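First up is the structure itself, then whatever we jot down about it.
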Amino acid sequence: MIDIKAFFKLTYGLYVISSKSGDKLNGYVANTAFQVTAEPPQIAISCHKDNLTAKIIKESKVFSISVLEQDADLGVIGNFGYNSGKDKDKFKNVKYKTGQTGAPILLDSTIAYFDCEVVDSFDVDTHILFIGKAVDSELLDESKLPLTYDYYHKEMKGKAPKNAPTYIKEEKMEETKKETTSNLGASFECTVCGYVYDPAEGDEAQGIPPGTPFADLPDDWECPICAAAKSEFISVN
Ligand code: FE
């Protein structure tokens, strides 16, 4: 049998993987990037076939990995994690540079990066595993901690985008969902990114104090992760 909860004990970081083909820049949030050999320095990434970036990496044979900091701007995660580059230019309003390989390297909320050339790839059903050889890398900020998926999930209340290799379907999550009803009313979940608004916690970043029921949020309040409207939220109880 498969115990879904066992998968929750695997640990991951959070990264923005970027590439460029022709004039098209794109990137996405990934939690799978891991070093596979030290000499040569090679890193593997797992990219959903439906992601525009997978197509771009196949064409260009290059990609960059930006390691996000623990206090990463939620707007950066929302921009790269919950939008498709088919509809928007994700690099339009972010700070980035062009790497040696030609891949764009996101610099916002980034503490280290790798610039890689694809040396091999494997078809793994829904995903493509790309093996990249790092031709350039840099530690940008020694003082900051890297963002882990666990921290993002537990402290920032985010969940994996649906194309992530580790995405768990909603119905499978039901049994692990805790009761959150209190006298403050229900918690509400963003149907776009999965962020859960907890009335007991409020939303400090947008000036919403702890103890604010969802119904009392201002009409122009937005999801702190993906900027979806209040109307995109549903009760989780
Ligand atoms: Fe959202």
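The values are calculated or read from the model by the stated rules, or taken from the named source; none is laboratory data. All values derive from a computational prediction rather than experimental measurement. No Cβ is skipped: glycine too gets one built from the backbone with ideal geometry, and neighbour counts run over all protein chains shown. SASA here: full protein model, heavy atoms, side chains in, ligands and nucleic acids out. Shrake-Rupley method; radii C 1.70, N 1.55, O 1.52, S 1.80 Å.
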Among all residue pairs at least 6 apart or on different chains, which show Cβ distances below 8 Å where the first residue, located in the range 75-88, is within 12 Å of the ligand (Cβ to nearest atom) and the second is of a type outside the set (Val, Ile, Thr) and part of a helix (DSSP H, G or I)? 77/152
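Among the residues of the range 56-92 satisfying the criterion of being of a type in the set (D, E, K, R) and closer than 27 Å to residue 154 by Cα, which is most open to solvent (accessible area, probe 1.4 Å)?
So, considering only residues that are of a type in the set (D, E, K, R) and closer than 27 Å to residue 154 by Cα, the one most open to solvent (accessible area, probe 1.4 Å) is 71.
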Find the residue count for the range 21-70, including only residues that are in a helix (DSSP H, G or I) and either at positive phi or among the acidic types (Asp, Glu) (or both). 1
What are the residues in the range 197-224 that are outside any loop (DSSP other than H, G, I, E, B), over 21 Å from residue 83 (Cα atoms) and within 16 Å of the ligand (Cβ to nearest atom), if any? 203, 205, 206, 208, 214
Assuming residue 194 fulfils every condition listed in (1) outside any loop (DSSP other than H, G, I, E, B); (2) under 21 Å from the mean Cα position of the chain (by Cα); (3) without any contact (Cβ under 8 Å) to a residue 40 or more places away in the chain apart from one, which condition is it? (1)
